[in-house]
Each structure stands twice: as C-alpha cells, then as structure tokens.
Amino acid sequence: MQPRLLSRETGDLSPDDLSKAVYQDLIRSFAPAPQHRFNGEIAPRTSPEGTPERAHSIRAHGAGVRSLALEKFDGRILVSGGSEGSVKIWDLDAAPTPSHPHVFRPVSTIARSTGSFGDGKVGGHTHGITHLDFYPFDPDAFLSSSYDKSLKLWATQRSALTADFDLNATIYSHAMSPVAQHLLVSCATQHSNVRLVDLRSGSAVQALVAHGGPVLRTSWSPRHEHILASGHADGRVRIWDVRRAGGVIAQLDQEDSLGVLHRFRHATASGKDWSSVPHFRASAQAHDDAVNGLQWTDDGKYIVSAGLDRKIRVWDAGTGANTLASFGPLIRNQHAKTAAMIVTPPGLSNGREILVWPNDHEILLLDLHDGNVMMRLRSPGSVNPAGPRGGEGRNRITTIVWRGAGGGCGRIGRVMGGGNSVGAIYSAHSDGQIRAWMPQIPGPDDVDETQDVDDDEETRRRKRKAVDSAYRSLMGRQITFTGTDR
C-alpha cells in the first residue's frame, strides 16, 4: 500500500487507478465474518443452565431465509424474508466496527398474516417470501412477493403496507427499472406471461405474452427504460420493448456468437430487405434447461444468464451474441427457484466485472469475461461444497446481496461498503441464518494496545538487564595496562 501512496504523491498513479487497486485488494481479501450474527428474536434466549445461546444456534428466521434486499444509497438497511412469510428489517450500522463481535437484531418485523385487519386492509404475507427488492429511487420503500400470489409495497421506516396487488399467480421474482420514469414492476410468475404492475395506477396493466412455461426471472436494462429481459422455464431468454404491441424484439441464442450485426450484413449482401427478414430464430434457446438467473451489468453492455443446465452465459447486449465465456464445472445450479448472483461495477476491478455466484455451500468470485476463479468462500462446516451431494444440508445458500453505497450508478452502487463498513456480502441460508463475508483488513481494530505497551516495557527491561550485566562483567575484571618505557 505504501508504494502506491508514494506513486500517487509523485503523480505516477492517478486517483482512479489507486482506487481500483485498493478495491481489487479488498475483493481478494474477502473471508467469512462470523463475528457478525443475525438474531431474529426480540430478546436473547438462554439455555436451561443460564448460559447465553451459542452462536451456531442463532437464527434470523426460524424456518429459513428465502430472500434478501439491501438498499444501495447508504448501504445500511437490510431486509430479509423468511420461508414462513415474515419480513424483518435490520440496521447494519448498529455494529460499532466490522471486526468487533456483534449480534444484529431486527429494528422491525412484519409478521406473517393470518387474516385481515379491522379496516379490511391485508397485512403481511400468508405464505413464504419469494423475492424482495428496494424501490430504485428511495430506500424508504421496498417490494415483496410471495407464494400467496401477491405483490406488496412497504414503507421501510414505518414497516407499513402502502399497496397490495393480487396477481392470482405465484410470483417467483419481480424487478423495477433503475433508470425509468415509469413505475412499472415486472413480475415473473407461474404462467408463461410476464405481468407488468403499474404502481402509479395501482393495477396490473399489461401482460407480455409468451409461451413455454413459467417465467422465473426478469431484469430491466440500466440504459433503456423500456427494455426488459425475461428468463423462462423452456430455456429461452426474451428481450422485450414494453411499448410495442408485439413485445419481443430479440431472443438470445446459445449457438450465435456473431450477433444481429452479422445477420444484418449477411442479409444486405444477399440483397434481402432487412425489415422482412426474421431478426432471430424462433426456436433459439439461451440454455438447455430453465433460466432462473438473469442480470444486466451496471453499464448495460452485457447480460448474464444462468440456467438449470449448470451453465452461466455472458451476452453482448448490443448484438445479442454469445461471448462464449466459460465458467467450468464448479457452477452448481440445481434448484428450480430463482438464482441470485451479483455482478460488480466495472470500476471496482480494473475495468473488468466480477461475478459473485453462490453455490450451495460456497461463494465463487469469478472473472465475468474469462470465467477464471478468483476466490472460493466456503461456508463454515462445509467439507466438499462442490461434491455430488453439495445440494443437501440445511445450511444451503438461498440468496446473496452486495453491500454498496453511493446510489445513482446502477443497481448495486458505485462503491464498496457503506456507513461503517468497507464492503460486505451477506448470504441467506436455508437453516435460518444470515452470514456475513467481509474483507480482512489489518488495522487498529486488530491490535491489542495494552499488550503492545506491556511488550515495549518488557523489551526495555531486557535491554536494561543486558546493559547492567555487561557493565558488571566489565567492571568486575582487573584491567591491566601494558606498555613499553621509552
């Protein structure tokens, strides 16, 4: 670090290059952070013997954690959804420092609903949570969906329900555009159509008609407010323009590594009218099995898709070409539920994005463009995360979120960390725990100042003893001066 600071002082290193180098070191130093635990109970429990509850038995949700969402403006508020239907809100700034042990407790809980309030207004969800996401322009609002076939809008500070939409279909995930002025929420449901809910009008205004089984994931372009991608159970990834009646404007093809520009040039060279030529194959598939993971990079240049065929593919968003990035056999994706993944902003790692992928019992950090494994973070207690039985066990990772702050630059945020942290990944687990993963940074928090003082005093004492011993040894001898008379 010191040589970099010297290079920066001398002008040999730009501020941007220095920040990227620091971020690169931070990312490569991620490790489990067991000092941070999440206890979903209101008051701490004690064992019959009167001793505090052990850390491994602390649970954020007793029945398992299904979804997480972390606001990107301050990187402070974390929302978790349980398999039993409750939603809990956590304040990550409650921890004094990243390195000191701390047990988080929810600042608010939205309990599972068993009916209606007296005014007839429905409260929490009645079934397990499927997806959570913050409103892209305001951390004081977040959306939740559930197996009870409803989409709900909440006020974060008051934990109050502000809108409720019954879609009469199980909602696997939902998304809002990070750049649009419209308030459309795209919902991936058990039906083959993508449902669009308008928060402004309070109704489901449109259905993007498709065929091929349920829709498992949707994702809006961060550059064009009306462009939407959807992942389907039949292995297809469709690109939509929600303003158009026909809807589908492209379909990603795993066999196409050249893209639409090549087809345009070929049609032009053949003397064909481009407007009358199909722009994509109707039978094109992005994956050989269901697509349950889908995300754009922050700059909108690439689309990342994941399928139950255990493949992750990276697509050029401008041409639709398969970039042929290969992530090898380590990828585990065998559960039909929506897969969560993180793509870091390009500015964090010398212009190259990093894909953060959760296997069942480990988190992989991979180079997005060449697929090389940069780091493997393993859950405590996992022996062989990539083994054939990796999908078993109650501590399977169900979703992950990235702690970033800064807002205004993509959906993740332009910097790592937030508040009192230099960065973190939080993972939800089927055993009910929320685990933290943080960069390991040596500093004042890792030094026992009292011990240093004692060590310095002991060192001084040893030096004084050595000097005294040498002095006594010298003075105890008879010193004889010899010489010759002149």
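Taking only pairs six or more apart or across chains, which ones have beta-carbon atoms under 7 Å, a first residue in region 215-242 that is of a type in the set (V, I, T), and a second residue that is surrounded by 24 or more Cβ atoms within 10 Å (Cβ to Cβ) and in a loop (DSSP other than H, G, I, E, B)?
Final answer for the pair search is V237/L252; V237/A286.
Which count do you get for residues in region 278-318 that are open to solvent by 20 Å² or more (accessible area, probe 1.4 Å) and part of a loop (DSSP other than H, G, I, E, B)?
18
For residues that are surrounded by fewer than 17 Cβ atoms within 10 Å (Cβ to Cβ) and in contact (Cβ under 8 Å) with a residue 24 or more places away in the chain, scanning just region 121-147, find the one that is farthest from H61 (Cα to Cα).
Only one residue tops the list, namely K121.
Conditions: (1) at pLDDT below 90; (2) open to solvent by 10 Å² or more (accessible area, probe 1.4 Å); (3) in contact with a strand residue (DSSP E or B) (Cβ under 9 Å, 6 or more places away or on another chain). T344 meets all but one. Number of the miss?
It fails just one condition, (2).
Scan region 336-360 for residues that are in a loop (DSSP other than H, G, I, E, B) and either touching a residue at least 60 places away in the same chain (Cβ under 8 Å) or among the small types (G, A, S) (or both) and jot them down.
A336, K337, T338, A339, A340, T344, P345, S349, N350, G351
Could you grab the pairs with beta carbons closer than 8 Å, sequence gap of 6+ or different chains, first residue in region 20-38 and assigned to a helix (DSSP H, G or I), second one at pLDDT 80 or above and open to solvent by 40 Å² or more (accessible area, probe 1.4 Å)?
Within 8 Å, the pairs are I27/M374; R28/M374.
Output the residues belonging to region 235-251 that are open to solvent by less than 40 Å² (accessible area, probe 1.4 Å) and either under 16 Å from P136 (Cα atoms) or under 26 Å from the mean Cα position of the chain (by Cα) (or both).
Result: G235, V237, R238, I239, W240.
Looking at region 73-105 only, could you name the residues that are among the aliphatic types (A, V, I, L, M) and within 18 Å of the chain's Cα centre (by Cα)?
I77, L78, V79, I89, L92
In region 37-57, is there at least one residue being touching a His at 6+ places or on another chain (Cβ under 8 Å) and either modelled with pLDDT of 70 or more or under 29 Å from S430 (Cα atoms) (or both)?
Within region 37-57, one or more residues are touching a His at 6+ places or on another chain (Cβ under 8 Å) and either modelled with pLDDT of 70 or more or under 29 Å from S430 (Cα atoms) (or both).
Could we say that L208 is of a type outside the set (G, A, S) and either at positive phi or open to solvent by 20 Å² or more (accessible area, probe 1.4 Å) (or both) here?
For L208, the condition - of a type outside the set (G, A, S) and either at positive phi or open to solvent by 20 Å² or more (accessible area, probe 1.4 Å) (or both) - is not met.
Regarding L184, is this residue touching a His at 6+ places or on another chain (Cβ under 8 Å), surrounded by 18 or more Cβ atoms within 10 Å (Cβ to Cβ), touching a residue at least 40 places away in the same chain (Cβ under 8 Å) and among the aliphatic types (A, V, I, L, M)?
Against the criterion (touching a His at 6+ places or on another chain (Cβ under 8 Å), surrounded by 18 or more Cβ atoms within 10 Å (Cβ to Cβ), touching a residue at least 40 places away in the same chain (Cβ under 8 Å) and among the aliphatic types (A, V, I, L, M)), L184 does not qualify.
Pick from region 62-100 the residues that are charged (D, E, K, R) and not in a helix (DSSP H, G or I): which of them is farthest from S150 (Cα to Cα)?
For region 62-100, the residue satisfying everything is D74.
Of all residues in region 148-177 being of a type outside the set (D, E), closer than 21 Å to V215 by Cα and part of a loop (DSSP other than H, G, I, E, B), which is most open to solvent (accessible area, probe 1.4 Å)?
Here the residue is N168.
Quick grid of which residues meet (1) open to solvent by 30 Å² or more (accessible area, probe 1.4 Å); (2) modelled with pLDDT of 90 or more; (3) under 29 Å from E225 (Cβ atoms):
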{"site": "V356", "(1), (2), (3)": "no, yes, yes"}
{"site": "R411", "(1), (2), (3)": "yes, no, yes"}
{"site": "G443", "(1), (2), (3)": "no, no, no"}
{"site": "V453", "(1), (2), (3)": "yes, no, no"}
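List, please: which pairs have Cβ atoms under 7 Å, are six or more places apart or on different chains, and start with a residue in region 152-173 that is on the phi < 0 side of the Ramachandran plot and end with one that is surrounded by 16 or more Cβ atoms within 10 Å (Cβ to Cβ) and aromatic (F, W, Y)?
Final answer for the pair search is W154/F142; T156/F142; A160/W154; L161/W154; T162/W154; T170/Y147.
The values are calculated or read from the model by the stated rules, or taken from the named source; none is laboratory data. Keep in mind it's a predicted model, so treat the numbers as computed, not measured. Quick reminder, even Gly has a Cβ in these numbers, built from the backbone with ideal geometry, and neighbours come from all protein chains shown. Ligands, DNA and RNA are stripped out before the accessible areas are found, and what is left, the full protein with its side chains, is counted by its heavy atoms. Shrake-Rupley method; radii C 1.70, N 1.55, O 1.52, S 1.80 Å.
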